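**Q** My structure is below; once you've seen it, I'll send some questions.
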Amino acid sequence: MLKIYGVPVSVHTRKAIVVAIAKSVPHEVVPVIPVVPNNPPPNWPELSPTGKIPALADGDFVVSDSAAICAYLDRLQPEPPIYPPAPQAYAQALSLEQYAGSLFGEVVRPLFREVFVDPKIHNTPTDQDKVNAILTKAVPEMFGYLNAIAKQDYFVGSSFSIADISIVSNLVTYQYLGFDLYRHKFPRLAALHDRTIRQPAMREALRREHAVVDSMGLRRDFLNAVLS
């Protein structure tokens, strides 16, 4: 059976899991937490040369990086397509998948480090000035852009795509940390977020995360309001 290495609360691991679920590809999630010493398996450098999650193994075939994994899954099981077939929509979806990487790098990853990794794993205090700087600069700029382009039911085209999965996966982990989506400021982004997490594949992936989220002491009350 195909194996996805990582942890479900990881933005990029969740992205791969959602695509696998959407395409009904049988898979097993193998827990790997790179920030925890001695947690990755001995062959982790072969599975993920960068040391980052996720990685995928399908028999003897191994690939890392969530974008490569999702592209592989899309070719492995073409239906339903996760990347739009029309050239312009395809390019837009790829562009937003890359923008999601910037959202992770500028917002989610540093907040996760300050709120969870440093205080709970490294026993170092949260730098509130860093948190405030992200919330007052990066979040308004990036959420504002996404709100401006969230004009339809989906970010790109007329169906659920990698663009929706990539962006909303970031927003989910951001909210797990206890931060606000600022629905009154970014109503179109909030509405698209809600529609996306109601998608069957996303809903199922989030359901599977409950135990891990709770064990980490993260918040998921926002999901109850949207999924009830």
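Read-outs throughout are calculated quantities, based only on the coordinates presented, and are distinct from any laboratory measurement. Because the structure is a prediction, the values reported are computed rather than measured. As a convention, Cβ positions derive from the backbone with ideal geometry for all residues, glycine included, and neighbour counts pool all protein chains shown.
**Q** Using Cα pairs under 8 angstrom and six or more residues apart, how large is the relative contact order of the chain, in percent?
**A** Here the relative contact order equals 21 percent.
**Q** Is there a pair in LYS137/LYS185; LYS15/LYS120; LYS52/LYS130; LYS120/LYS185 whose C-alpha atoms are over 20 Å apart, and which pairs would that be?
**A** LYS15/LYS120; LYS52/LYS130; LYS120/LYS185
**Q** Considering only the chain, what is the antiparallel percent among its DSSP beta bridges, to the nearest 5?
**A** If we restrict to bridges inside the chain, about 60 percent are antiparallel.
**Q** Roughly how many nanometres apart are two label points built 7 Å out from the Cα toward the Cβ at HIS210 and SER158?
**A** Simple spin-label model gives 3.6 nm for this pair.
**Q** Does the stretch 61-163 come out rounded, prolate or oblate, given a ≥ b ≥ c as the square roots of the eigenvalues of its C-alpha gyration tensor, rounded meaning a/c under 1.5 and, failing that, prolate meaning a/b above b/c?
**A** Since a/c reaches 1.5 but b/c is at least a/b, the shape of the stretch 61-163 is classed as oblate.
**Q** How big is the charge dipole of the stretch 2-76 about its Cα centre, in debye rounded to the nearest 20, if each Lys and Arg gets +1 on its Cβ and each Asp and Glu gets -1 on its Cβ?
**A** So the dipole magnitude of the stretch 2-76 works out to roughly 240 debye.
**Q** Which of PHE61, HIS210, ALA20 sits closest to the plus end of the dipole of the chain, meaning its Cα is farthest towards the positive end, when Lys and Arg get +1 and Asp and Glu get -1 on the C-beta?
**A** Value computed over the given set: HIS210.
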